[in-house]
Amino acid sequence: MTLSATFNAIKSSNVISWKSTGRLQQTLAGFIEKTGKTLHSGNVSTVRLCPEFAGKGRYFEFRSRLIPASIDFAKESPLCTTLFKDGVQIRTVEHLLSALEAKGVDNCKIEIHNMVADDQDVEAEVPIFDGSASAWAEAIEQVGLKRPWIREDSFVAAFPSQKVQISYGIDFPQVPAIGCQWFSTTPLEGTCYAMHIASSRTFCIYEEVERMCNAGLIKGGSLDNAIVCSASEGWLNPPLRFPDEPCRHKLLDFVGDLSLFARNGSQGLPVAHMVAFKGGHALHVDFARRLSGVM
């Protein structure tokens with residue numbers, strides 16, 4: 001039997017399930033950083049494992065370039081598994097990924113740095129340690145796991161309409177002061193945008209600030225350029241400009257992200273009723289990308 005025939009037989013078998021186990025996605029409860037010598041290059045590298053949102057999956061970051069830990073980027077190489085994308089490769093990923101998979105770390109950003117910096121580096125390698133996955137497995141057990149904020153129920157859809165209309169919903173059940181909000185408008189008609197959307201400020205959850213700072217984000221953030229809400233204390237810098245200001249700001253973001261759909265001077269927003277729920281920039285941009293493929 002050929003390899004292809006064997007694979008098809010196994011895939012169609014009732015013995016092996018190719019479906020999700022149904023277990024809720026997990027991520028690390030904290031950060032892990034380990035430094036060690038690499039097997040093939042003999043250099044020293046540092047790997048930092050970071051918690052990540054549900055749906056993000058596992059991926060490497062090297063020199064500001066992202067490489068998903070996916071079979072789509074696996075490259076044939078001797079004596080190790082290598083991921084390759086856009087001219088950058090990460091070698092000897094198998095022991096680390098084995099530990100992440102076995103310990104149930106579904107979503108994780110894996111930052112990797114060569115200890116001897118070289119601006120021309122296009123290759124990094126995961127440390128070998130004792131040649132097993134024990135160092136990674138023990139570190140994961142020590143820091144523990146948590147359920148990331150689930151975003152699997154988010155969506156964006158477009159329905160036939162005679163005019164541009166957007167209905168946007170958000171839901172933060174763990175932050176009662178925000179909760180579930182909806183806002184619907186025709187953002188490009190008359191003074192609607194200026195009066196009801198433009199002044200809505202960006203917002204964040206206070207309990208997420210440390211994680212974002214550790215990720216190198218929001219370095220210029222302050223109470224002067226964002227509204228901050230604590231899960232336990234409510235809004236830290238009131239008053240809000242609208243009772244549903246967070247939801248309106250998400251709609252503001254949506255309009256900006258959909259502007260990327262514009263072509264040759266035309267407007268970016270399609271003439272449709274767009275409904276979004278619990279979206280984010282990645283979902284908005286993916287929606288625009290999919291529109292580009294069908295229109």
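Calculate for the chain the 222 nm mean residue ellipticity that helices alone would give, adding -39,500 (n - 2.57) per DSSP H run of length 4 or more and normalising by residue count, nearest 500 deg cm²/dmol.
-6500 deg cm²/dmol
Looking at 28, 93, 274, which one has the Cα that reaches farthest to the positive end of the dipole of the chain (charges on Cβ: Lys, Arg +1; Asp, Glu -1)?
The one lying farthest along the dipole's positive direction is 274.
Cβ neighbours within 10 Å, averaged per peptide: list 213-222, 172-181, 243-252 in order, most packed at the top.
In decreasing order of mean packing, 213-222, 172-181, 243-252 become 243-252, 172-181, 213-222.
State the answer as a single residue: which of 50, 254, 162 lies farthest towards the positive end of the charge dipole of the chain, with beta carbon charges of +1 for Lys and Arg and -1 for Asp and Glu, about the Cα centre.
162
Between residue 40 and residue 163, what is the label-point separation in nm under the 7 Å Cα-to-beta-carbon projection?
The answer from the label model is 6.0 nm.
Give me the one-decimal nm value for the distance between modelled label points at residue 53 and residue 98, 7 Å along each residue's Cα-to-Cβ direction.
It works out to 3.3 nm between the two label points.
State in Å² the accessible area per residue of segment 91-130; use a 1.4 Å probe, count heavy atoms of protein chains only, and round to the nearest integer.
Accessible surface, normalised per residue, equals 45 Å².
Taking Rh as the Kirkwood radius computed over C-alpha pairs, what is the Stokes-Einstein D of segment 121-208 at 25 °C in a medium of viscosity 0.890 mPa s, expressed in µm² per second?
Answer, rounded: 132 µm²/s.
Grab the Cα-Cα distance for residue 262 and residue 196, subtract it from 0.36 nm times how many residues apart they are, and report the gain in nm with one decimal.
On the way: separation 66, 0.36 × 66 = 23.76 nm, distance 2.32 nm.
That pair, residue 262 and residue 196, stretches by 21.4 nm at full extension.
Return the label of the correct value of P(r) over Cα pairs in 10 Å bins from 0, in percent, as calculated from the structure shown, out of [x] 5, 21, 26, 24, 17, 6, 1, 0; [y] 6, 23, 27, 18, 12, 8, 4, 1, 0; [z] 6, 18, 18, 14, 14, 14, 10, 5, 1, 0.
Among [x] 5, 21, 26, 24, 17, 6, 1, 0; [y] 6, 23, 27, 18, 12, 8, 4, 1, 0; [z] 6, 18, 18, 14, 14, 14, 10, 5, 1, 0, the one derived from this structure is [x].
Sticking with the crude label model, points 7 Å out along Cα→Cβ, report the distance from residue 141 to residue 116 in nm, one decimal please.
Between residue 141 and residue 116, the simple spin-label model gives 3.5 nm.
Give me the number: length gained by fully extending residue 241 to residue 31, i.e. 0.36 nm times residue separation minus the C-alpha to C-alpha distance, one decimal in nm.
Roughly 72.0 nm would be gained on extension.
For each pair in 109/278; 37/219; 85/109; 56/163, compute the distance between the two Cα atoms and list the pairs where it is over 25 Å.
Values: 109/278 22 Å; 37/219 32 Å; 85/109 16 Å; 56/163 34 Å.
Checking Cα-Cα distances, 37/219; 56/163 exceed 25 Å.
Using +1 on the beta carbon of Lys and Arg, -1 on that of Asp and Glu, and nothing else charged, what's the dipole of the chain about the Cα centre, debye to 20?
680
What does the extension gain come out to for residue 209 and residue 182, with contour length at 0.36 nm per residue minus their alpha carbon separation?
Computed gain between residue 209 and residue 182 is 7.2 nm.
Given contacts defined as C-alpha pairs under 8 Å and at least six residues apart, what's the relative contact order of segment 155-292, whole-number percent?
Relative contact order here is 39 percent.
Nothing charged except the Cβ atoms of Lys and Arg (+1) and of Asp and Glu (-1): what's the magnitude of the dipole of segment 178-295 about its Cα centre? Round to the nearest 20 debye.
For this selection, approximately 380 debye.
Divide the volume of the convex hull of the Cα atoms of segment 24-146 by its number of residues and quote the answer in cubic angstrom per residue.
It is 101 Å³ per residue.
The values are calculated or read from the model by the stated rules, or taken from the named source; none is laboratory data. Treat the numbers as computed from the prediction; the structure is a model and nothing was measured. When we count neighbours, we look across all protein chains shown, and the Cβ atoms used for this are built from the backbone with ideal geometry, even at glycine. These area figures cover heavy atoms from the full protein model, side chains too; ligands, DNA and RNA do not enter into them. Shrake-Rupley method; radii C 1.70, N 1.55, O 1.52, S 1.80 Å.
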